[in-house]
Amino acid sequence: MAYKIEYDPKALKQLKKLDKSVAVLLLDGIEEFASNPTLTKIKKLKTPFDGAYRLRVGNYRVVFYQEDNLMLISKIAHRKDVYI
């Protein structure tokens with residue numbers, strides 16, 4: 001089952017601030033997971049992100065929510081900054 005990807009406006013803004021090479025890696029990682037969601041790169045998050053998941057792409061993290069076949073990306077940041 002593949003996911004349809006939607007981006008929160010804040011996540012798009014965070015993505016645009018990143019270096020182009022990093023942004024391409026992140027987009028490739030998101031697309032790879034969306035087309036093959038059986039990957040083990042995700043983890044369910046706890047407070048304050050209840051119900052969210054995180055996808056690891058190198059040193060960056062993608063925080064997203066999933067509903068049926070929709071993947072709503074809410075935050076993209078470096079691993080040291082993503083959980084604050």
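Summary table
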{"item": "Hey, residue 35 among the hydroxyl-bearing types (Ser, Thr, Tyr), closer than 19 Å to residue 67 by Cβ and surrounded by fewer than 16 Cβ atoms within 10 Å (Cβ to Cβ) or not", "result": "yes"}
{"item": "Condition met for residue 25 (outside any loop (DSSP other than H, G, I, E, B) and under 19 Å from residue 10 (Cβ atoms))", "result": "no"}
{"item": "Qualifying residue in the stretch 58-74 (condition: within 11 Å of the chain's Cα centre (by Cα) and assigned to a loop (DSSP other than H, G, I, E, B))", "result": "no"}
{"item": "Failed criterion for residue 2 (all others in (1) outside any strand (DSSP E or B); (2) within 17 Å of residue 77 (Cα to Cα) hold)", "result": "(2)"}
{"item": "Close pairs (9 angstrom Cβ cut-off, 6 or more residues apart or separate chains): on the phi > 0 side of the Ramachandran plot in the stretch 42-54, of a type in the set (A, V, I, L, M) anywhere", "result": "51/45"}
{"item": "All positions within the stretch 34-57 that are assigned to a loop (DSSP other than H, G, I, E, B) and out of contact with any Leu (no Cβ under 6 Å at 6 or more places or on another chain)", "result": "36, 37, 38, 39, 40, 45, 46, 47, 48, 49, 50, 51"}
{"item": "Leading residue by the ranking (surrounded by the most Cβ atoms within 10 Å (Cβ to Cβ)) among those in the stretch 43-57 that are farther than 16 Å from residue 8 by Cβ and under 9 Å from the mean Cα position of the chain (by Cα)", "result": "57"}
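Where a number appears in this text, it was derived from the coordinates with a stated rule and is not lab data. Just so we're clear, the structure is a prediction, and the values are computed from it rather than from any experiment. Backbone-built Cβ (ideal geometry, glycine too); neighbour counts: all protein chains shown.
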